[in-house]
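Participant: For reference, the structure I am asking about is given below.
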Amino acid sequence: MTTTTTPATPPALSVAGLTVRYTARGEGTTAVDDVGLDIAPGQCLALVGESGSGKSTIGLAVQGLLTDPQGRGGGRVETRGTVTVGGTRLDPSVETGWRGVRGHRVTTVFQDPMSSLDPTMTIGRLLGLVTGSAAETRRWLDQVEIREPATVARSYPHQLSGGMRQRVMIALALARRPALLVADEPTTALDVSVQAQILKLLTREREQLGCGVLFITHDLGVARAVCDEVAVMRSGRIVERGPTAQVLERPTADYTARLVASRLTLDTDRHRPVGLPEPTVVASMGEALDLEHAELERRWARKALRWDDFGTSRPRTVNAPVYALELARVSKSFATGGFGRRTRKAVLHDVDLRIAAGESVALVGESGSGKSTILRIAAGLEKADRGDVVVGHRSHDGNSGGEGVQVIFQDAGSSLTPWLSVRSLLLERLGNTATGKALDARQREEHVRLALERVALPASVLDVKPAELSGGQRQRVAIARAVVVPPALLLCDEPTSALDVSVACSVLNLLNLLRHDLGLPMLFVTHDLAAARVIADRVVVISQGRIVESVPSDDLGTAITSDYGRRLLDAVLN
C-alpha cells in the first residue's frame, strides 16, 4: 500500500497507531504499543528510554526494516499502523513502496559506522556512489569538517578514527538530502570532545537542509544539547513528550523523573549510590535487576561488609604489596602501513602509573590517547617495548597473561562464551584458580551462587546463556565471573558506556560496592568524566600517550589545571 499526499508542508515523519509484536519460542512480546508521533521539517525529536523500551524498534519501523515477518532466530514480527515520510504514506508491515524511500527520503546514522561502511571500498568511492562526482564528494567531506579530505577519500574505513568514520556516515546520510534522518545512538562510543563536535555538526547540517531528525539515545545530556523535543518511552509506550527543557527539568511522569535522576554529572554526589534504581526483584530475562535501594544505602553507609557475608576467608595481609599496579617508564609503539611502507607509531611515551592496594583509579582521555593500551599492558595482553610492569608482587613481560588480573570489557556479550551457561562460565573461571581447585563440587557450586548474590542476580540465571540476558544482566555476569575469586587487580574497559542511564548507575554502584567490600584495586578506563569521578578515588588524564595530570576525584572540577584536561571538562554535556 503506497499513497502519496501533497500537503503544503508535509511532516518529515508521521507515525500513527504503530504496534510491533515479536514472537519467538511460542512466546510473544509487544515491543511497541499503539505509538503515534510527528516530526516537522527541521525539527529534532529525541526518543529516550531504557534498553527494551521500544525506541530502536520504532527506528527500524520508520525505515521499513520490519517488513519481513520472519524474524531472527526463527521468530516472527507482526506490525500494524502507518508511517508517513515526507508526505509518502507507507505500511510498515509490507515492502511495497519502501525501496524508493529507504536510503533516499529516510537515511540513517548508526552507533557503529563500521557495520554500515563497506570495508572493501575507499571513502571516496563510497561517497561517490551517492554524490555522483569527485567534486561533490570533496564538497561533502569539507562540509562535515574532515581535514585532509583528499587523503581521507583514498582511505579505507578501518584506517580512520571512530570520529572520522562517523563524519563520513553523516555525509553519506545527508548527501541524499533526506526528509528524515534517523540517528541511532550516533555518539555513544565517542569520547566527550569528539561527541561534542559530532553533535554540533549534526545540528548545523539539519538546520541547513531542513530535514527532520529522529534522535534515538539513552543519554539525556545529548538530548538536551541537540533536540527540540523529547519523547520518553517505557514498555513500548510514550509516557511523556514535550519541549526538551520542560521534560528534563520539570518531568511529569515518575519514570521520566527516575531517568533524569539517574543521569550522572560532575555535580553528582559520589559518596552515596548514584541514580534512583527502581526497587525490583525479578527473574525474567528481559529486565535488569537492581538491589533494593534502601539495602544499597545501608550497605554503602557501612562501606564494607563482613568478609563472611560472601562466604570467603579474608586474605592474609602479611607481606601484602603496597601497590597493586606499577608502570615505570613504559613505552609502546605499533606497526602501521603495509606493502613495503610499514612504519611504527608511538602510542605510549615513558608512562609512570601506580595504583595503591585498594585504590580505584580512572584513566581518562580522548580516543587514541593510549588509555586502552595501558589497560592491555597491565592485563598482559600487550607487551611494552620498554619499561617495567609489576602487578602486586609479580613482574610480567606481557606473555604471562597478567596473573591475578581480571578484565571487564565494554561489551560483555562478546567476552562471555555464547554456548556456555552462566554456571559454566563461573565454574570455568573458578576452576582456573588455586582457590577453585581446592574446593569439591558442592563447594564450587556454593561459591558460584554466592558470586551471583554479590552482583544481585537470582539463581534462576545459572542455567541460561548470555544471549538470553539483558545487557545489564550480561555485565553483572561478567563482573561475577571476574570476582568469583577476588583478583589482585580489576581492570574495567568502558564497562558502562553502552548501557542506558539507570542500568549504568546500577553497574557503577555495584562496582563501587564490590571494591569496598572486597578491597579490590581497580583501573577504570573511560571517556566519561562523570563516571570516572563516581567510581574512582583519583582521576588520571592521558593525552597522546603521556600522563598529563592526576587529581583527586572529589576536586575534579577545580583541580584539573592542564589545557587538555580543561578542554575535556568543557566538553562535558550538562
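The values are calculated or read from the model by the stated rules, or taken from the named source; none is laboratory data. These numbers come from a predicted model, not from an experiment. Virtual Cβ from ideal backbone geometry, glycine too; neighbours counted across all protein chains shown.
Participant: From Leu220, Leu181, Leu202, grab the single residue that is touching a strand residue (DSSP E or B) at 6+ places or on another chain (Cβ under 6 Å), of a type outside the set (Phe, Trp, Tyr) and closer than 14 Å to Leu45 by Cα.
Facilitator: Being touching a strand residue (DSSP E or B) at 6+ places or on another chain (Cβ under 6 Å), of a type outside the set (Phe, Trp, Tyr) and closer than 14 Å to Leu45 by Cα holds for just one of Leu220, Leu181, Leu202, which is Leu181.
Participant: While we're on this one: Output the residues belonging to the stretch 411-427 that are closer than 30 Å to Gln111 by Cα, part of a helix (DSSP H, G or I) and touching a Leu at 6+ places or on another chain (Cβ under 8 Å).
Facilitator: Val422, Leu425
Participant: What tally of residues in the stretch 477-496 results from selecting those that are of a type outside the set (Val, Ile, Thr) and assigned to a helix (DSSP H, G or I)?
Facilitator: 4
Participant: Also: For the stretch 231-277, how many residues are in a loop (DSSP other than H, G, I, E, B), free of Cβ contacts under 8 Å to residues at least 24 places away in the same chain and more than 30 Å from Leu514 (Cα to Cα)?
Facilitator: So the count comes out to 4.
Participant: I'm checking my understanding of the structure. Among residues of the stretch 321-365 that are assigned to a loop (DSSP other than H, G, I, E, B) and either under 28 Å from Pro487 (Cα atoms) or aliphatic (A, V, I, L, M) (or both), which one is modelled with the highest pLDDT?
Facilitator: Glu359
Participant: Name the pairs whose Cβ atoms lie under 9 Å apart, with the first residue in the stretch 428-445 and outside the structural domain of Pro487 (by TED's automatic domain parsing) and surrounded by 17 or more Cβ atoms within 10 Å (Cβ to Cβ), the second at pLDDT 80 or above and of a type in the set (D, E, K, R), and 6 or more positions between them or separate chains?
Facilitator: Qualifying pairs under 9 Å: none.
Participant: Moving on to the next point. Output the number of residues of the stretch 157-203 satisfying the condition of being part of a loop (DSSP other than H, G, I, E, B), under 17 Å from the mean Cα position of the chain (by Cα) and not hydroxyl-bearing (Ser, Thr, Tyr).
Facilitator: Residues flagged as part of a loop (DSSP other than H, G, I, E, B), under 17 Å from the mean Cα position of the chain (by Cα) and not hydroxyl-bearing (Ser, Thr, Tyr) within the stretch 157-203 amount to 5.
Participant: Give just the number: which of (1) farther than 25 Å from Gly380 by Cα; (2) among the charged types (D, E, K, R); (3) in contact with a strand residue (DSSP E or B) (Cβ under 7 Å, 6 or more places away or on another chain) does Asp463 not satisfy?
Facilitator: Status for Asp463: all satisfied but (3).
Participant: Counting only residues that are of a type in the set (Asp, Glu) and within 17 Å of Val405 (Cα to Cα), how many does the stretch 473-516 have?
Facilitator: 2
Participant: Return a yes/no flag: does the stretch 60-78 have any residue that is at pLDDT 85 or above and in a helix (DSSP H, G or I).
Facilitator: Yes, that holds for at least one residue.
Participant: (1) within 30 Å of Gln410 (Cα to Cα); (2) outside any helix (DSSP H, G or I): which one isn't true of Arg89, the others all being true?
Facilitator: Looking at each condition in turn, Arg89 falls short on (1).
Participant: Do you know which residues across the stretch 200-225 are farther than 22 Å from Ala261 by Cβ and surrounded by fewer than 22 Cβ atoms within 10 Å (Cβ to Cβ)?
Facilitator: Once the filter is applied, which keeps residues that are farther than 22 Å from Ala261 by Cβ and surrounded by fewer than 22 Cβ atoms within 10 Å (Cβ to Cβ), the stretch 200-225 yields Lys200, Leu201, Thr203, Arg204, Glu205, Glu207, Gln208, Leu209, Gly210.
So that you can scan it fast, the table gives a plain yes or no per residue for (1) free of Cβ contacts under 8 Å to residues at least 40 places away in the same chain; (2) outside the structural domain of Gly64 (by TED's automatic domain parsing):
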| position | (1), (2) |
| --- | --- |
| Gly100 | yes, no |
| Asp112 | no, yes |
| Leu117 | no, yes |
| Thr131 | no, yes |
| Thr137 | yes, yes |
| Met164 | yes, yes |
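Participant: For the list (1) modelled with pLDDT of 90 or more; (2) over 29 Å from the mean Cα position of the chain (by Cα), I need the number of the one condition that Val48 fails.
Facilitator: With respect to (1) modelled with pLDDT of 90 or more; (2) over 29 Å from the mean Cα position of the chain (by Cα), Val48 is out only on (2).
Participant: Being in a strand (DSSP E or B) and out of contact with any Lys or Arg (no Cβ under 7 Å at 6 or more places or on another chain) narrows it down to one of Leu18, Leu47, so name that one.
Facilitator: Leu18
Condition check ((1) not polar (S, T, N, Q); (2) not in a helix (DSSP H, G or I)) across all residues:
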{"site": "Arg429", "(1), (2)": "yes, no"}
{"site": "Ala456", "(1), (2)": "yes, yes"}
{"site": "Ser460", "(1), (2)": "no, no"}
{"site": "Gln475", "(1), (2)": "no, no"}
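Participant: From the list Ala530, Ala482, Ala498, pick out the single residue that is at pLDDT 85 or above and out of contact with any strand residue (DSSP E or B) (no Cβ under 6 Å at 6 or more places or on another chain).
Facilitator: Result of the check over Ala530, Ala482, Ala498: Ala530.
Participant: Now for a different question. Quick check, is Val407 modelled with pLDDT of 85 or more and touching a Gly at 6+ places or on another chain (Cβ under 7 Å)?
Facilitator: Considered against the rule, which asks whether it is modelled with pLDDT of 85 or more and touching a Gly at 6+ places or on another chain (Cβ under 7 Å), Val407 comes out as no.
Participant: Does Ala171 satisfy the condition of being aliphatic (A, V, I, L, M) and surrounded by fewer than 20 Cβ atoms within 10 Å (Cβ to Cβ)?
Facilitator: So Ala171 does not fit the description; no.
Participant: Would you check which residues across the stretch 418-442 are touching a Pro at 6+ places or on another chain (Cβ under 7 Å) and over 20 Å from Ala478 (Cα atoms) and list them?
Facilitator: none
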